[in-house]
Amino acid sequence: AQRVTQPEKLLSVFKGAPVELKCNYSYSGSPELFWYVQYSRQRLQLLLRHISRESIKGFTADLNKGETSFHLKKPFAQEEDSAMYYCARLSYNTDKLIFGTGTRLQVFP
Amino acid sequence: GAVVSQHPSWVICKSGTSVKIECRSLDFQATTMFWYRQFPKQSLMLMATSNEGSKATYEQGVEKDKFLINHASLTLSTLTVTSAHPEDSSFYICSARGVGVFGNEQFFGPGTRLTVL
């Protein structure tokens, strides 16, 4: 089965601290992976995808095939980063997104 | 660009009634729309995939007669929860995937909160 695992339900840090939200996926060919963010009372929106290797709002995520991981990182967290973060993968050979259970990031002042 | 709307944003209904939720792509043509369900503090669970002009494909465990999906045009898909019961209360989210400049990206609607009394 194709799975996406986010082991942490909640991650709390202080402003300025580094952040790493973990995501692991079950191996299946060459996965296409994404991070989505949902701010309070807002819709789900794409944060970044691994194929574009971009940095959005200071966040980066590197695909590690050896560890089957796609952790989301930011060197200095900001209060406005507080949100729910979902890791997702495109299902192999289909166009469906498979979501992890999400991690709530709380950044305290 | 790439905005998806849902209507209504919330609805309260009596048990046994049917509720229709609309999902519209406002500024692009959506060849595929997806319907998700999200329980409180849980992840999104895909319910079904609908392609314009064809029958929806339901995920395992989702009753197609319970959750009727229609994708009549490239900008509109509807989800009808038939004979709703309290256990159907949830947050329903649609997403739309277009063609051309938007590639394979899915754009999400704001969601519809359904409460069945």
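How far apart, in nanometres, would the label points at B:Asn70 and B:Phe91 be if each is projected 7 angstrom from Cα along the Cα-to-Cβ direction?
Using points 7 Å along Cα→Cβ, the separation is 2.8 nm.
Find the all-direction average of the projected area of the Cα convex hull for chain B, expressing the result in square nanometres with one decimal place. Working shown, then result.
On the way: hull surface 27.2 nm².
For chain B, the mean projected area of the Cα convex hull comes to 6.8 nm².
Given 0.36 nm per residue, what is the gain on full extension from A:Asn64 to A:Met84 after removing their alpha carbon distance, in nm? Please list the in-between numbers first.
Details: separation 20, 0.36 × 20 = 7.20 nm, distance 2.26 nm.
Taking A:Asn64 through A:Met84 to full extension adds about 4.9 nm, to one decimal.
Among B:Met45, B:Met33, rank each residue by its count of other Cβ atoms within 10 Å, from fewest to most, as a rough exposure measure.
On the way: B:Met45 17, B:Met33 29.
Least crowded to most crowded, the residues run B:Met45, B:Met33.
List the cysteines of the protein assembly as shown that have no other Cys Cβ closer than 4.7 Å: which are they?
So, B:Cys13.
Please compare each pair in A:Lys9/A:Lys57; A:Lys22/A:Lys73; B:Lys20/B:Lys64; B:Lys20/B:Lys41; A:Lys15/B:Lys41 to a cut-off of 20 Å on the Cα-Cα distance and tell me which ones are over it. Don't jump to the answer; show the numbers that get you there.
Numbers: A:Lys9/A:Lys57 22 Å; A:Lys22/A:Lys73 9 Å; B:Lys20/B:Lys64 14 Å; B:Lys20/B:Lys41 24 Å; A:Lys15/B:Lys41 24 Å.
Over 20 Å Cα-Cα: A:Lys9/A:Lys57; B:Lys20/B:Lys41; A:Lys15/B:Lys41.
Please work out the ratio of the alpha-carbon Rg of chain A to 2.2 N^0.38 Å and round it to two decimals. All intermediate terms of the calculation are to be shown ahead of the outcome.
On the way: Rg = 13.3 Å, N = 109, 2.2 N^0.38 = 13.1 Å.
Computed over Cα atoms of chain A, the ratio equals 1.02.
When the label point is put 7 Å from the Cα of A:Ser55 along its Cα-to-beta-carbon vector, which residues of the stretch A:16-47 have a backbone N closer than 14 Å?
So the set is A:19.
How high is the FRET efficiency between A:Glu20 and A:Leu46 when r is their beta carbon distance and R₀ equals 22 Å, given to the nearest 0.05? Kindly include the intermediate steps, with their values, before the conclusion.
Working: r = 20 Å, r/R0 = 0.89.
The formula returns an efficiency of 0.65 here.
Roughly what percent of Cα-Cα pairs across the stretch A:13-74 reach past 20 Å?
Working: 572 of 1891 pairs.
Of all Cα-Cα pairs in the stretch A:13-74, 30 percent lie more than 20 Å apart.
Let me confirm one metric for peptide A:95-102, namely the mean number of other chain beta-carbon atoms within 10 Å of its residues' beta-carbons.
6
Coordinate-derived values only; no laboratory data. Predicted model only: the values in this text are computed from it and were never measured. When we count neighbours, we look across all protein chains shown, and the Cβ atoms used for this are built from the backbone with ideal geometry, even at glycine.
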